[in-house]
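K.L.:
Provided herewith is a single structure, encoded as structure tokens, for subsequent inquiry.
The values are calculated or read from the model by the stated rules, or taken from the named source; none is laboratory data. If you're wondering where the values come from, they're calculated on a predicted model, not measured in any experiment. Positions of Cβ are backbone-derived with ideal geometry, glycine not excepted, and every protein chain shown enters the neighbour counts.
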């Protein structure tokens, strides 16, 4: 059973799954124990909203999400690697609640970054 799921993201007992992360359409699975921090950021035209896949900033990687243009919140997941996944769930509040049930770190609210 999933705690949260949309077309790109799933939070379940097994961890966080980010669909369409790798080329061409591979998923990235993140065990909850690997999550060091989570930062919720506002996105806009200059800060990730227009980024459908990939990045302009080598510290972050956005999974393929054609609906990102209509969203205004994203999450940066620190998994201890140089590159941090950047995701934009369809329902940010439900995603955050589901993730909080499984991780020991608190979701921080941060400033926007260029993705």
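K.L.:
Tell me the residue from 80, 15 that is surrounded by fewer than 13 Cβ atoms within 10 Å (Cβ to Cβ), at positive phi and at pLDDT 95 or above, please. Write out each step before concluding.
P.N.:
Numbers: 15 fails: surrounded by fewer than 13 Cβ atoms within 10 Å (Cβ to Cβ).
Exactly one residue qualifies, and that residue is 80.
K.L.:
Quickly run through the stretch 68-105 and pick out the residues that are touching a strand residue (DSSP E or B) at 6+ places or on another chain (Cβ under 8 Å), in a loop (DSSP other than H, G, I, E, B) and either without any contact (Cβ under 8 Å) to a residue 24 or more places away in the chain or under 15 Å from residue 37 (Cα atoms) (or both).
P.N.:
79, 83, 101, 102, 103, 105
K.L.:
Can you find, within the stretch 3-14, the residue that is nearest to the chain's Cα centre (by Cα) among those that are in contact (Cβ under 8 Å) with a residue 24 or more places away in the chain and assigned to a strand (DSSP E or B)?
P.N.:
Among them, the one singled out is 9.
K.L.:
With the requirement that a residue be over 15 Å from residue 86 (Cβ atoms), in contact with a strand residue (DSSP E or B) (Cβ under 6 Å, 6 or more places away or on another chain) and free of Cβ contacts under 8 Å to residues at least 60 places away in the same chain, what does the stretch 28-43 give you?
P.N.:
Within the stretch 28-43, 29, 31 qualify.
K.L.:
While we're looking at this one, here's another question. Would you confirm whether or not the stretch 91-106 contains a residue that is surrounded by fewer than 14 Cβ atoms within 10 Å (Cβ to Cβ), under 13 Å from the mean Cα position of the chain (by Cα) and more than 18 Å from residue 5 (Cβ to Cβ)?
P.N.:
No, there is no match, as no residue in the stretch 91-106 is surrounded by fewer than 14 Cβ atoms within 10 Å (Cβ to Cβ), under 13 Å from the mean Cα position of the chain (by Cα) and more than 18 Å from residue 5 (Cβ to Cβ).
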